Structure formats: C-alpha cells, structure tokens
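Asker: Take this structure first; my questions come after.
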Amino acid sequence: MLIITKTFGLFLLTAVAKLLGCYLLMLWPSGKTSACLLLPAALSLLVFV
C-alpha cells in the first residue's frame with residue numbers, strides 16, 4: 001500500500017509541476033505578466049523533469 005501511495009504522490013507532484021510551469025510560460029508572451037515569472041516556471045519544469 002505504501003508503494004501505491006508514494007507512486008501516486010510522485011505522479012501528482014509531477015503533474016502539478018508540469019501544469020504550473022507550462023501555464024506560467026504561456027502567460028509571459030501574452031503580456032499578462034512580467035518576466036519575473038520565468039524563474040518559477042523554469043524551476044517548476046525542472047521538478048517535472
């Protein structure tokens with residue numbers, strides 16, 4: 001049971017990291033936010049990888 005919980009937790013973490021990183025990167029070129037969010041986006045995508 002512990003392995004299933006650990007696997008699901010890692011899946012959830014990578015899914016959130018990917019969505020957050022891609023969303024933050026999408027906001028920057030559209031002009032809705034400044035370039036200050038590029039660092040958190042890069043860190044989020046680094047967690048995904």
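Asker: Given Cα pairs under 8 Å that are at least 6 residues apart, what percent is the relative contact order of the chain?
Answerer: 43
Asker: Another question, if that's okay. At 0.36 nm per residue, minus the direct Cα-Cα distance, what do ILE4 and ALA35 gain on full extension? Give it in nm, one decimal, please.
Answerer: 7.3 nm
Asker: Per residue of the chain, what 222 nm ellipticity follows from adding -39500 (n - 2.57) for every DSSP H run with n ≥ 4, rounded to the nearest 500?
Answerer: Mean residue ellipticity, 222 nm, calculated: -25500 deg cm²/dmol.
Asker: Can you pull the semi-axes for the range 2-48, root of five times each eigenvalue of the Cα gyration tensor, sorted largest first, whole Å?
Answerer: So the equivalent ellipsoid measures 27, 9, 5 Å along its semi-axes.
Since every read-out is calculated from the coordinates, none of them should be taken as a lab result. Please read these numbers as outputs of a predicted model, since none were measured by experiment.
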